[in-house]
Structure formats: structure tokens, C-alpha cells
Amino acid sequence: MFLKRVLPFAVALAAVGTTAQASEAIEQAMSQAIPDAEIDSIHSTPLDGIKEVRYGTEIFYVSEDGRYVMQGSLIDLQTRENLTEQAKGGARAELFAAIDDSELVVYEPNGETRAVLNIFTDPNCPYCRDIHADLPEYLEAGIKVRYLMFPVLGQDSPEIMNRTWCADDRQAAMDRSKEGDKLRDLDGGCATPQDEHMQLGQSLGVRGTPALFTENGEMLAGYVEPEEVLSRVLGD
């Protein structure tokens, strides 16, 4: 099985710094407000009496008695930190960490792996080809690159993606597809995680390719120059 074993998240109701009574009130209120979903976690916030309630990568702020709910960004005006985005980044990071390399097309640096970059890609996306052309620069910098399927450009994109994943040498097939090769000599009939990758991307707000996610869950949409990506990923 592919991402089905990690999507949706297993329920984690061990709330940090909350009382069992507050958690119970919140769970009861939110189960009525959102009956078809299960809470992944409940955490404290810097605001007295307000808890962070997470469903996947969606964040709500709920009063301890379960009466009031808010959705939006919680920002620390002193530090200028977006606490909501930090929480969402952590949730995204957990999702990617749960995906085994065997389910992806992975490029490993020759030396030490300093960081990981997850990329949703499409074989017919010109900017994805530009990102792929930058791959040597990322690998030289110690960045491990993990490709996920997001075939949305062109009617043949899904089949090319499947052919890539079914290939004996996925890297070689990916390299060929980034040069415009349709891989018609390869069979795409094996089981692939295409549907799961698409579901994951859509749940993370991916609307097009390329979409890059750093190891801490930060999203970079579209083509980004390697210098900026390396700065974000490595913090140099």
C-alpha cells in the first residue's frame, strides 16, 4: 500500500498542556461542527483558554469549553512569527516523512545528505524541466530530491508518470521524460501511487507544478532559482 496507510492521519488526541475536560469539550463540539472528520491533535496556544485543533493540515482555534471556534492566522506581533503557518508546516513535514523512498523517484547526493526536498512534478510542465535541470546543483549541495506525481498538464501526463514509476530504472525514465520523451517503450501497467500523490497534493493546496516542499513543510510554488531554494532549505 502507498499513502493509504498514512492518509488520513491516525487520531492523536494526547493534548499537550490541556486538561482532559477541555479536550473532551472540544472533541464533542467539533464532532458536531465537523461530523465527517476526526481530530488529529489538540495543542496549547499562547492564548489563555484557546487550543489549537488540527485536522490534517487544517488548523482551528477553539475555546476550552468548545463554544467558540476561529480559523485564520495566529501571529506573534513581537516576533512577527506566523504560528499557524508553523503548525501547518509541521503537519506537512509529518506527511512527507511518512512516505517511504520506495514509493517515489529519489535522487541522492553523493556525499552527506544535508536536507530533503519534496517536489510534485509533471512530465509536460516546462518549469518542472527547469527544476530538473537544476538537480545537479541541489545534489552537489547535499540535497536529497524526492519526486511525487502530480500529472495535470496534458492528456498523456498520467500515463507518462505511470511508465516512469513502473520502469526498472525510475531515475533514467524520469530523466528521459524531462527531455520530452513519452516513454512509449515502457509499460505503465503496474500499481503506482498516482491517485494517492494527487490526493496528497490537493490536500496540501498544490494547484500546479512544480510545487516544492522543504523538510520543515514550507511550500515553494512554481519555479524558484536554486540560490533561493538552497537558502530556504539549508538556511545558509
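For the chain, carbon and sulfur atoms together expose 47% of the accessible surface, with a 1.4 angstrom probe and every protein chain in place. Amide H contacts for Leu148 (H built 1.01 Å from N in the peptide plane; partners 5 or more residues away or on another chain; cut-off under 5 Å): Ile119, Phe120, Thr121. Once the chain from Asp100 to Tyr68 is taken as fully extended at 0.36 nm per residue, the excess over their C-alpha distance is 7.6 nm. Here the translational diffusion coefficient of the range 95-164 follows from Stokes-Einstein with Rh set to the Kirkwood radius across Cα pairs; for 20 °C and 1.002 mPa s it amounts to 167 µm²/s. Projecting label points 7 angstrom from Cα along Cα→Cβ for Asp195 and Ala221 puts them 2.7 nm apart. A straight line joining the Cα centroids of the range 72-110 and the range 209-236 runs 11 Å. Helices in the chain, meaning DSSP H runs of at least 4 residues, each add -39500 (n - 2.57). Divided by all residues, the mean residue ellipticity at 222 nm is -10000 deg cm²/dmol. Principal axis analysis of the Cα atoms in the chain yields extents of 61, 40, 29 Å, listed in decreasing size. Each residue, Ser231 and Glu140, gets one label point 7 Å from its Cα in the Cβ direction; the gap between the two is 1.9 nm. Based on alpha-carbon atoms, the Kirkwood radius and the radius of gyration of the range 141-183 give Rg/Rh equal to 0.99. Based on alpha carbons, the Rg and Dmax found for the range 101-229 are 13.6, 39 Å.
Derived scalar couplings between HN and Hα for the range 58-69 equal 8, 10, 10, 10, 10, 5, 4, 7, x, 8, 10, 9 Hz in order, rounded to whole Hz, by the Karplus curve 6.51 cos²θ - 1.76 cosθ + 1.60 (θ = phi - 60°), x for Gly and Pro.
The values are calculated or read from the model by the stated rules, or taken from the named source; none is laboratory data. These numbers come from a predicted model, not from an experiment. Cβ coordinates were reconstructed from backbone atoms using ideal geometry, including for glycine residues, and neighbour counts include every protein chain displayed. Remember, those area values only see protein heavy atoms, side chains included, never the ligands or the DNA or RNA. Shrake-Rupley method; radii C 1.70, N 1.55, O 1.52, S 1.80 Å.
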